[in-house]
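**Q** Quick one: this structure, given as structure tokens, is what I'll be asking you about.
The numbers here are math on the coordinates, done by the rules we state, and not lab data. Computed from a predicted structure; not experimentally measured. In this analysis, Cβ positions are derived from the backbone assuming ideal geometry, glycine residues included, and neighbour counts consider all displayed protein chains.
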2 protein chains.
Amino acid sequence: MGLIVQKYGGTSVKDAERIKAVARRVLRTRNAGNQVVVVVSARGGMTDELITLAQEITPRPPEREMDMLLATGEQQTIALLAMALESMGTTAVSLTGVQVGILTDNVHGKARIRGIKPDRIRQELDEGRIVIVAGFQGVDDHDNITTLGRGGSDTTAVAVAVAIEADMCEIYTDVDGVYTADPRIVATARKLGRISHDEMLEMASLGAGVLQSRSVEFAKKYGMPLCVRSSFEDLPGTVVCEESEMEDMEGVTIRGAAINKSEAKVTIIGVPDRPGVAAKLFSTLAEHHINVDMIVQNVSHEQHTDMSFTVGHADLDKALEVCRSILDDIGAESVEGDHSIAKISVVGVGMRSHFGIAAAMFQALADAGVNIQMISTSEIKISAIVPADDGDKALQAVHDAFNLGECPDIVEEMT
Amino acid sequence: MGLIVQKYGGTSVKDAERIKAVARRVLRTRNAGNQVVVVVSARGGMTDELITLAQEITPRPPEREMDMLLATGEQQTIALLAMALESMGTTAVSLTGVQVGILTDNVHGKARIRGIKPDRIRQELDEGRIVIVAGFQGVDDHDNITTLGRGGSDTTAVAVAVAIEADMCEIYTDVDGVYTADPRIVATARKLGRISHDEMLEMASLGAGVLQSRSVEFAKKYGMPLCVRSSFEDLPGTVVCEESEMEDMEGVTIRGAAINKSEAKVTIIGVPDRPGVAAKLFSTLAEHHINVDMIVQNVSHEQHTDMSFTVGHADLDKALEVCRSILDDIGAESVEGDHSIAKISVVGVGMRSHFGIAAAMFQALADAGVNIQMISTSEIKISAIVPADDGDKALQAVHDAFNLGECPDIVEEMT
């Protein structure tokens, strides 16, 4: 008998039939002798509907009210899933973020979890109920409803699992695991049996779309075993685990390749080459709660340089506005934005002990005729910004170059 | 400068355009120098959509989860209205029933308000904000979300007005006041300038559809002035006030006539004529939270009698089930249910000092060829159950008989 947290995303609960299917799967886990806590997202499409509704009222809705509105999505799902479970003869109870006590900071729309009170969940479990928790939402110090940002339900699931000391956190989604690349783009992509937290973190931050980054950070920090599985088929999935638990560590250099089309590029032209400019720029962006991803600054000519960085599409207008407001302050010339980019990355902890990975990746892109606009590297990742239209072709080229579609021992020989 | 509570129903906030129109009206009241608290319902049609969704999951959803689901309706409206107000340059804040602290008992679906904490609303008002409160919902002792039943937003509005000691509670709706009869059925119906709490209470309980009964009870109990107005036109409306404030008290016998098609009739046949039977029956129904309206028992024949009562349509199946379960216990023969009834009533505090009103009403129904199934009277009301198909004709006949469409001093002469 274990204590399992399961998370189901929007696609898995998008209508009554799917909600009943989720209920049946939850019930199977419970009937196998486990205590079960379920975290759910809003029904697929509902968050977008609510955003459209808000836009009909005003193009720039206040963030506190946006959270108040969006939080209704998950609240509906938890009620419906509890109904489905009760109709199957078991006892279940739904809890909102407020009722669970998911305490966050007050950054509406992008709140971070500060802590979770385990008491109410534990009490309901002790009384024999399946507990359904609303993902994505929390409450700040002043009882205001907050949301964690897109994909925040993954983080809710892991944070709840940590708070109640669960044995496992299972993330059910519309894919059956983590692949070497997005299988919708790369036909030869292969499902991974295991991936380390760090690799998953890089894949997630690259928009691999399977898990939200913060959820992986939480899982890594607290050593919570995480598993990505399909809500529709009964397949093994991918286990996200400690690096030490990876059996094939020696054999594999690159775990996977990813493409991210959700970022936009901002370039500030004619930045004077003096101390404090970058600090000023990025602290101002941070004050406006704009998450910056890649940052690239090249060597300067005549005491001036260009500085580029990427932000989420939704933040581009705000980022450009912020940059314009401090152009004079930092003595720069102008600022430009570009939506039409894609970020191609390769990830693998084995990269640490292998040379020439970057060169091999750039060669693959060159052979495919893809021009590189920006480059950024970390210990276990190499990313390149390319034109959006070349994105899919670039991903395929990189995946092929590292033979990611083939089994691990062959990959080793190639690199 | 005053402190005004305004309540807007589902039709008034059914889409973005109407929500903006409500925001403009709220702003006018605020700009006239008032502090304003707004109570809103779910967007028109939304509650029904959510009920349909729940029915797709299970025909008998648990009531706690139903409340969890339905409470999202008002939560969406408060967020949208706050957005609309902020987009017009004012500051506003939305609060759920939980955030306000609308404390109720734990009878899900029909909860009663036990108290309201005025602190958060007062604090937000003191900070210069317009406060938007979710109607219809509250929270029980264990942090569970409850709902007050259909029309509960009226009760929320009056209860909030009482809690914060408002100067006036205005109920905005799709009619522009209280009429002598439903103007959609009786073309000659006339709008009333004033009506006493007791008369309004009887009209409300009869399904006049303008105000929920409990809201009027609250207003009467705490002496809160209540006004029913149109959300769409800028017209005076009807003031619900203390009986002593009615100027025309002496002159008018019947204030209005009402029809209620939302009830069903239950008849228990062959009830033994012994003490305790009625007590057993109605206490059992109360335990199942079934509200009984009219109760009629006639003289008995051979120690047995028939007993009839009415309940809301939605409760008929449950009421029949409860009755069947105690048939043996009380020694009765059988039980029958009938959906096809209408209740016709006339209401007026002047009835107390006038004779022959009942006779005049029955004569009017007889002249119209309408058969009476049940009769029940109170101090200021006479009700008759008639076949549903004869309902509109019966209402018209009664309205005509008491000349309700004409101005009060003429009515006096007629009675």
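**Q** Per-residue Cβ counts within 10 Å, from other chains only, averaged over B:12-22: what number is that?
**A** Mean shielding by partner chains, rounded to a whole number: 2.
**Q** Principal axes first, then extents: for the Cα atoms of the stretch B:81-194, list largest minus smallest coordinate on each axis, whole Å, largest first.
**A** In descending order, the Cα extents are 48, 40, 25 Å.
**Q** Taking only C-alpha pairs under 8 Å that are 6+ residues apart, what is the relative contact order of the stretch B:251-383 in percent?
**A** Across the stretch B:251-383, relative contact order equals 36 percent.
**Q** Additional query: What shape does the stretch B:75-115 take by its C-alpha gyration tensor, where a ≥ b ≥ c are the square roots of the eigenvalues and a/c under 1.5 counts as rounded, a/b above b/c as prolate, and the rest as oblate?
**A** In terms of gyration-tensor shape, prolate.
**Q** What list do you get for B:T104, B:T284 if you sort them by fewest beta carbons within 10 Å?
**A** B:T284, B:T104
**Q** If you place +1 on the Cβ of every Lys and Arg, -1 on the Cβ of every Asp and Glu, and leave all else neutral, what size is the dipole of the stretch B:3-174 about its Cα centre, to the nearest 20 Debye?
**A** 420 debye
**Q** With point charges of +1 on the Cβ of Lys and Arg and -1 on the Cβ of Asp and Glu, referenced to the Cα centre of the stretch B:247-415, which listed residue (B:V277, B:V398, B:S308) lies farthest in the positive direction of the dipole?
**A** Highest projection toward the positive end goes to B:V277.
**Q** How many partner chain Cβ atoms sit within 10 Å of a residue's Cβ in peptide B:139-149, on average, as a whole number?
**A** 2
**Q** Scan the stretch A:319-415 for GluC sites (Glu not before Pro) in coil per DSSP, keeping those whose Cβ has at most 13 other Cβ atoms within 10 Å, and list them by number.
**A** A:E333, A:E379
**Q** What's the magnitude of the charge dipole for chain B around its Cα centre, counting Lys and Arg as +1 and Asp and Glu as -1 at the beta-carbon? Answer in Debye, nearest 20.
**A** 1040 debye
**Q** May I have the convex hull volume per residue, in Å³, for the Cα set of the stretch B:235-368?
**A** Spelled out: Cα convex hull of the stretch B:235-368, divided by residues, is 190 Å³.
**Q** So the label point sits 7 Å from Cα along the Cα-to-Cβ vector; using that for A:D119, what distances do you get to the other copies, in nanometres, sorted shortest first?
**A** 1.6
**Q** Where a ≥ b ≥ c are the square roots of the eigenvalues of the C-alpha gyration tensor, would you call the stretch B:331-403 rounded, which needs a/c under 1.5, or, failing that, prolate if a/b is larger than b/c, or oblate?
**A** It is oblate, given that a/c is not under 1.5 and a/b is not larger than b/c.
**Q** Something else about it: Angle check, please: helix B:391-401 long axis (alpha carbons) against the longest principal axis of chain B (alpha carbons), in degrees 0 to 90, nearest 10.
**A** It is inclined by approximately 90 degrees.
**Q** Find the eigenvalues of the gyration tensor of the Cα atoms of chain A, then list the square roots of 5 times those eigenvalues as equivalent ellipsoid semi-axes, largest first, in whole angstrom.
**A** With the √(5λ) rule applied to chain A, the semi-axes are 37, 28, 18 Å.
**Q** Given 37 °C and 0.692 mPa s, how large is the Stokes-Einstein diffusion coefficient of the protein assembly as shown in µm²/s, with Rh as the Kirkwood radius over Cα pairs?
**A** My calculation gives 107 µm²/s for D.
**Q** Tell me, what is the Rg over Rh of the stretch A:3-174, with Rh the Kirkwood radius over Cα pairs?
**A** 0.97
**Q** Restricting the count to DSSP beta bridges whose residues both fall in the protein assembly as shown, what percent are antiparallel, rounded to a multiple of 5?
**A** 60 percent
**Q** Then there is this: Averaged over its residues, how many other protein chain Cβ atoms are within 10 Å of peptide B:67-79's Cβ atoms?
**A** Average neighbour count from other chains, rounded to a whole number: 6.
**Q** Here is a further query. Enumerate the amide H contacts of B:T173 below 5 Å, restricted to partners 5 or more residues apart or on another chain; note that Pro and chain-start residues carry no placed amide H.
**A** Under 5 Å from the amide H of B:T173 lie the amide H atoms of B:R229, B:S230, B:S231, each far enough along the sequence or on another chain.
**Q** Still on this structure, please answer the following. Would you mind checking the tilt of helix B:357-367 against the longest principal axis of the Cα atoms of chain B, expressed as 0 to 90 degrees and rounded to 10?
**A** That helix lies at roughly 70 degrees to the long axis.
**Q** Looking only at chymotrypsin sites (Phe, Trp or Tyr not before Pro) in DSSP loops with at most 16 other Cβ atoms within 10 Å, what is the longest site-free stretch of chain B?
**A** Longest run free of exposed loop sites: B:1-231.
**Q** Further, regarding this structure: Dipole of the stretch B:247-415 (Lys/Arg Cβ +1, Asp/Glu Cβ -1, origin at the Cα centre): which of B:S334, B:A359, B:P387 lies farthest to the positive side?
**A** After comparing all options, I get B:S334.
**Q** By Cβ position, which chain A residue lies least far from the axis that rotates chain A onto chain B, and what is the distance to the nearest whole angstrom?
**A** In chain A, the Cβ lying nearest the symmetry axis toward B is A:T72, 2.
**Q** Where does helix A:152-163 land angle-wise versus the long Cα axis of chain A, in degrees 0 to 90, nearest 10?
**A** Value to nearest ten degrees: 60.
**Q** Ranking A:T310, B:T253 by Cβ neighbours within 10 Å, fewest first, what do you get?
**A** Ordered from fewest to most neighbouring Cβ atoms within 10 Å, A:T310, B:T253 come out as B:T253, A:T310.
**Q** Using a 7 Å offset from Cα along the direction of the beta-carbon, what are the separations from A:G33 to the same position in each other copy, nm, ascending?
**A** Between copies, matching label points for A:G33 lie 7.6 nm apart.
**Q** Mind checking the dipole of the protein assembly as shown: about its Cα centre, +1 per Lys or Arg Cβ, -1 per Asp or Glu Cβ, Debye to the nearest 20?
**A** That gives the protein assembly as shown a dipole magnitude of about 320 debye.
**Q** A follow-up question, please. Going by how many other Cβ atoms sit within 10 Å of their own, how do B:R184, A:R64, A:R18 line up, fewest first?
**A** Arranged by neighbour count, lowest to highest, B:R184, A:R64, A:R18 become B:R184, A:R18, A:R64.
**Q** Relative to the other copies, what are the label-point distances for B:G276, with labels 7 Å from Cα along the C-beta vector, expressed in nm at one decimal and sorted shortest first?
**A** 9.3
**Q** If you don't mind, there's one more thing I want to ask. Select from B:T11, B:T147, B:A21 the residue farthest towards the positive end of the dipole of the stretch B:3-174; place +1 on Cβ of Lys and Arg, -1 on Cβ of Asp and Glu, and compute about the Cα centre.
**A** The Cα lying farthest towards the positive end belongs to B:A21.
**Q** Could I ask something else about it? Which pairs break 25 Å Cα to Cα here: A:K110/A:K220; B:K265/B:K393; B:K14/B:K393; B:K117/B:K220?
**A** Check vs 25 Å cut-off fails for B:K14/B:K393.
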